[in-house]
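Below is one structure, written out as structure tokens; the observations come after it.
The values are calculated or read from the model by the stated rules, or taken from the named source; none is laboratory data. Quick caveat: nothing in here was measured; it's all calculated off a predicted structure. Because the Cβ atoms are built from the backbone with ideal geometry, glycine has one as well, and the counts that use them run over all protein chains shown. The area values use the complete protein model at the heavy-atom level, side chains included, leaving out ligands, DNA and RNA. Shrake-Rupley method; radii C 1.70, N 1.55, O 1.52, S 1.80 Å.
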Amino acid sequence: MVSNATSAGMNDVIWRRGHVEMRQERRISERMEAAGDLLVLTSSWERRCIEVARVMHGRYAVATVITFAEEGTSGRRADHDAELWRLATEHAVSVADLGRQSVSDVESWRDAIAELVARTRIELGRPLDMVVDVSCLPKYYMLTLMGYCVSSGSVRSLRLLYAEGRYAPSDGNTSLSPDHAFTEGAWRSLPVPYLEGRLSPDKKVEVIASIGFETFQARKLIRVYEAERHCLVTPYPGFSPEYGDQSEKEAKALATNLDLDEREILRCPAGDAAAAAEIVIDVLDRCDRFKEVGLCLGTKPHAIGFGIAALIRPDFTLVCRMPDRYVETETPATGIMWSYKLHDLSVATSPTHGDADAMGPNAAREGDGSPVPSAAT
């Protein structure tokens, strides 16, 4: 079995387990070749939502912009909507409008996204090369997309692009504070469609939770499962030194609250989806006495790693949180982007775009397991 990563660091990684291969890259935001069949963008009040589309260069058969009904009060969302639709039209032969349902209308969005993927696959008559900007796409929808695309055999490759955000300091980001920087109100837990795992009523529960800053609500959600065992995956090092220091404070406070020891805090770089996947799979393979439940409460790249683990280990149950409301934030881009390109190795089709969608001259050589020099960041 080929597994783990070949790498010169976490910047450029080829990671493979079972039928899933991922190429992970970290780069400065600059002109980026990204061709494919279906392009999915997401508008937001966050300024970074246009970063990927701004530097992208490539053609698509179909493009869409996900526009949730919640627009905020700043006026930025309307500007971003217009700019992203302009860029989608520029990149694609045709565009598809999925409507403007609330972000919490999970059934409508789940069905609309799946129908778009299925329809495009039928129209082209083959599995798709799909590109999704996940910078401002909620983790629940990102993971639903991953689960559907791979489990249905609808895609040959799925490339997830993520622009790092510069978060403003917040007094709410204190250990186990009930004041949140990113969400308001209660959280509800939602099993991720296509990644729900299997029921194991005769087994006790182990919770594997990726965590970030909002540990007050995370604590409440984790306790609902009355788990026999826990482990916390925390983003350290962070996207910035301040981010990493804060995540350490939050993780230690949460561990104390849950009566966990240091061995049950697993540190993983904030943007390293490959390392997150490896951590989760290692935990899953360590013991079969428990029913493992993964809670994606931390960084989006960690959620990608959890999603890959669920694709490879179908017993693993993946759960996301949906808040009552998201807090309107400005969040500009930092100028750093990540690319996570998943290949379903069980889908045998000839390449249609080759390596034209690499992020730059130091792109990994796909499939040969070669180490790749890191680009300057």
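For segment 296-336, list residues with backbone N below 15 Å from a point placed 7 Å from the Cα of T256 toward its Cβ? Within reach of a label on T256, which here means backbone N under 15 Å from a point 7 Å along Cα→Cβ, segment 296-336 contributes nothing.
Ligands, DNA and RNA excluded, the heavy atoms of F239 present near 40 Å² of accessible surface to a 1.4 Å solvent probe. So, counting K/R as plus one and D/E as minus one, what does the shell of residues with Cβ under 11 Å around D202 add up to? Once all neighbours under 11 Å are counted, the net charge is +4.
Can you pull the percent of segment 1-140's accessible area that's carbon plus sulfur, 1.4 Å probe, other chains left in place?
Exposed carbon and sulfur together represent 50 percent of the surface.
Pairs to check: K139/K252; K203/K249; K249/K291; K252/K341. Give those whose C-alpha atoms are more than 27 Å from each other in this structure. Let's see the in-between values first.
Values: K139/K252 24 Å; K203/K249 32 Å; K249/K291 29 Å; K252/K341 33 Å.
Among K139/K252; K203/K249; K249/K291; K252/K341, the Cα-Cα distance tops 27 Å for K203/K249; K249/K291; K252/K341.
Loop-resident GluC sites (Glu not before Pro) (DSSP state other than H, G, I, E or B) in segment 27-70 with no more than 12 further Cβ atoms inside 10 Å of their Cβ: E30.
Here the chain is treated as a sphere whose radius is the Kirkwood value from Cα pairs; by Stokes-Einstein at 25 °C and 0.890 mPa s it diffuses with a coefficient of 118 µm²/s.
Estimate the FRET efficiency between C287 and T89 by the formula 1/(1 + (r/R0)^6), using the beta-carbon distance for r and 51 Å for R0, to the nearest 0.05. Provide the component values of the computation, followed by the final result.
Numbers: r = 52 Å, r/R0 = 1.02.
Computed FRET efficiency for C287 and T89 comes out at 0.50.
Of R54, R86, the residue with the largest accessible area leads and the full order is R54, R86 (1.4 Å probe).
Note the full-extension length gain between D315 and E70 as 0.36 nm times their separation in residues minus their Cα-Cα distance, in nm to one decimal.
Numbers: separation 245, 0.36 × 245 = 88.20 nm, distance 3.50 nm.
The span from D315 to E70 would gain 84.7 nm if fully extended.
Probing with 1.4 Å while keeping every protein chain in the model, the per residue accessible area of the chain equals 40 Å². Its DSSP H runs of at least 4 residues, each contributing -39,500 (n - 2.57), put the calculated 222 nm mean residue ellipticity of the chain at -9000 deg cm²/dmol, to the nearest 500.
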